[in-house]
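Rule-based calculations on the coordinates, nothing more; no lab input. Note that the coordinates shown come from a computational prediction; the quantities given were computed from them, not determined experimentally. Glycine gets a Cβ as well: all are built from the backbone with ideal geometry, and neighbour counts include every protein chain shown.
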Amino acid sequence: MASSCLTPLSSPLCSQYSSLSLPNSNIAFSSPSHLQQLHSLLIKSGAPISSLSFPQIASVCALSSPSAFSYARHLFHRSADSPEIFLWNTHLNTLSSSSPSDALLLFNRLLSSNLLPNTFSCSFALKACSQLSHCLLTGKTIHALILKLGFDPDVFLNNTLVHMYSSFGAMADARLMFEKMPKSDAVSYNIMIARLTKDGEMELAREMFDVMPERSVRSWTSLIAGYVQWKNPREAVRLFVEMEEVGVRPNEVTVVAVLAACADLGALDLGKRVHQYGNRFGFLKNVRVCNTLIDMYIKCGCVQIARKVFDEMAERTVVSWSAMIHGYAIHGQGDDALELFEEMRKAGIRPNPVTFVGLLHACSHMGLLEQGRKFFQSMICDYNIVPEIEHYGCMVDLLSRAGLLDESLDFIKKMQIKPNGVVWGALLGGARVYKRVDMGEEAIRQLIDLDPLNDGYYVVLSNIYADAGRFDDAAKVRRLMRNKGVKKTPGWSTIAVDGVIHEFVAGESDHAQVEEIYRRWDDLLVELRVRGYVPDTSVVLLDMAESEKESVLYRHSEKLAVVFGLMSTPPGTVIRIMKNLRVCNDCHAALKLISEIAKREIIVRDRNRFHCFRDGVCSCRDYW
DNA sequence: TTAGGGTTAG
């Protein structure tokens, strides 16, 4: 130890250090090099270790001249194992998560003590900065200190710095740091990928993922979660399958991400497989895994299995309860939703804003007007929850569906926040059911501003006019659509048979078995007519003859998917369909009858909710 | 003793 400290050093004289002394010691020195020589002498003379004060000397050297840095660095490493700094770090670590600003105060005290921070101390301080929105400058100062102390080759610390910059959204700095660091590892890439996915920069994230030398389960999970977040669940599933193929074992977080993708896609088979996998590896003890599992089953049309997962959970959070309540609501089981809320209250779980969205949804879909009003009031008064746009949307839907259109409009006008397209769309929906042209026009005036390219609204208004016998006005709406360049979103439906997803697009006929599907439909149509089915051509918003409109109706994607399901699955099998738009009136009527004729349960997930057709009736009770 | 990914609405 002594010999290395005695290495001759030739540091230039530093005038501001003339006649200085170290605090709590009798060492006086005139320059950093003088201090180093004194230090060497002390070591040589066999002075007690406590009087050598490595950190103090190191800090003076480090903060004086660049040529003294290496000596400082050397001394620092001597003091790094000091039990004292370990204690400081322990406190810093605790505070960096529980009270970041106190962690920074403590770090400041450490700097003015006779100890030097080590890489751990700096790491905790940076973590504290990352959690305080106003501390970018402090983080930069610590970065400077890290350079001065010679910690810059430390990969761990550099990763913390990349994370610190990225958490402030200072991506130019984060990237510079990432590119300039002498050595990077999988964590460095993971930090960058995580930030890029959060920012929606999926292509850049993918580029990084593709070039990184080594990938960990976190690298895969970050990207999969990113694809889920940015509404590309297909790519998420594709990546998950690839991850399994290359032999990386998914963990709880991966499972959460891929289950969310399954929920979006309605991919029940994969969801079930992931469920089994999670069960095998003990992931079902994790609340988030179970919450996502509940959501997956709900969105794949399996409320009962979702409830089983819910019932078997060892611990439930407000998220578990809210997911289940919302699940009942969108499956038309409003009474179950309300019952579960009662249980939730008795269990002492405090509802959150999302819980109330589920409850209000349940009420509006069951026509429980007074109950819905009570929930809205209770949310504000009993739980101090400020209504969000979703709550207003549910309330307008509740009032409009109940036929209280004037009250609904009044409610919108009194809203504390700006109404959005969903709110006005709910009023428009009510205007259609109750044949209120005036309300439809009022809603569309707002919607043209808020959501001008959404074809659905124009369709509804045109139907309102057609219902009122105002065919000229209905035609005007179609012209308006053309003038505004509004394109009708093509309707598509999917059905999984033997693990293969079959997609049907309205009006397109590129399915391999299309001829047989059409033949089966024609046969079915005969039976449908016998049972009183009359095609409702009012949903076809095209300028054409009635007979042509009927042809268009018969090629609606959900009809084709159902017919395909009937012909390619054994009798009694439940038919599960996913649709990108809402089910139209005509398909709804047809599917009710088909469930009766074919003695099949048909479950359709449309963009808003589920319809479960069984024995000629729908779970939505024709109220959707 | 230090860094990186996750849940319910719309």
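Taking a ≥ b ≥ c as the square roots of the Cα gyration tensor eigenvalues, with a/c under 1.5 meaning rounded and otherwise prolate when a/b beats b/c, else oblate, which class fits the stretch A:492-618? Rounded. Shape class for the stretch A:125-188, computed from the alpha carbon gyration tensor (a ≥ b ≥ c): oblate, with a/c not under 1.5 and a/b at or below b/c.
Using Cβ contacts closer than 10 Å as the measure, can you line up A:Ile448, A:Ile193 from fewest to most?
Details: A:Ile448 18, A:Ile193 27.
Placing the least packed residue first, the sequence is A:Ile448, A:Ile193.
The count of lysine pairs in the stretch A:387-488 whose Cα atoms are under 25 Å apart, excluding pairs fewer than 8 places apart on the same chain, comes to 8.
Rounded to the nearest Hz, the phi-derived 3J(HN,Hα) couplings of the stretch A:602-613 under the Karplus curve 6.51 cos²θ - 1.76 cosθ + 1.60 (θ = phi - 60°) are 10, 10, 10, 9, 9, 6, 10, 6, 9, 10, 10, 8, where x marks glycine and proline. Full extension of the chain between A:Asn108 and A:Ala314 yields a length gain of 69.7 nm, computed as 0.36 nm times the residue separation minus the alpha carbon distance.
The lysine pair count for the stretch A:492-618, using Cα distances under 20 Å and pairs eight or more places apart or on different chains, is 5. Seen against the Cα atoms of chain A and their longest principal axis, helix A:54-64 is set at about 80 degrees. Let me know the shape class of the stretch A:387-488, please: from the alpha-carbon gyration tensor, a ≥ b ≥ c as square roots of the eigenvalues, rounded when a/c is under 1.5, otherwise prolate if a/b is greater than b/c, or oblate. It comes out oblate by the Cα gyration axes.
Counting neighbouring Cβ atoms within 10 Å and putting the fewest first, the residues A:Asp472, A:Asp335, A:Asp536 line up as A:Asp472, A:Asp335, A:Asp536.
Ordering of A:321-334, A:240-253 by packing is A:321-334, A:240-253, highest average first (other Cβ atoms within 10 Å, averaged per residue). Quarter the surface of the alpha carbon convex hull of chain A and you get the mean projected area, 36.8 square nanometres. Only lysines eight or more places from A:Lys140 in sequence, or on another chain, were considered; those with a Cα closer than 30 Å are A:Lys127, A:Lys148, A:Lys180, A:Lys183, A:Lys198.
Can you put A:Asp498, A:Asp336 in order, fewest other beta carbons within 10 Å first?
Details: A:Asp498 7, A:Asp336 18.
With the fewest neighbours first, A:Asp498, A:Asp336 line up as A:Asp498, A:Asp336.
What dipole magnitude, in Debye to the nearest 20, does chain A give about its Cα centre under +1 on Lys/Arg Cβ and -1 on Asp/Glu Cβ? Provide the component values of the computation, followed by the final result.
Working: 67 positive and 68 negative charges, 238 e Å.
Using only the charged Cβ atoms, the result is roughly 1140 debye.
Residues whose amide H lies under 5 Å from that of A:Val497, counting only those 5 or more places away or on a different chain, are A:His502; hydrogens are built 1.01 Å from N in the peptide plane. Using the Cβ-Cβ distance between A:Arg373 and A:Asp449 with R0 set to 30 Å, the FRET efficiency works out to roughly 0.55.
Here's the picture: charge each Lys and Arg Cβ at +1 and each Asp and Glu Cβ at -1 in the stretch A:387-488, and of A:His391, A:Gln446, A:Met415 the one pushed furthest to the positive end of that dipole is A:Gln446. Across the stretch A:585-598, rounded Karplus estimates of 3J(HN,Hα) from the backbone phi angles (6.51 cos²θ - 1.76 cosθ + 1.60, θ = phi - 60°) give 4, 5, 5, 4, 5, 5, 5, 4, 5, 4, 4, 6, 5, 8 Hz, Gly and Pro being marked x.
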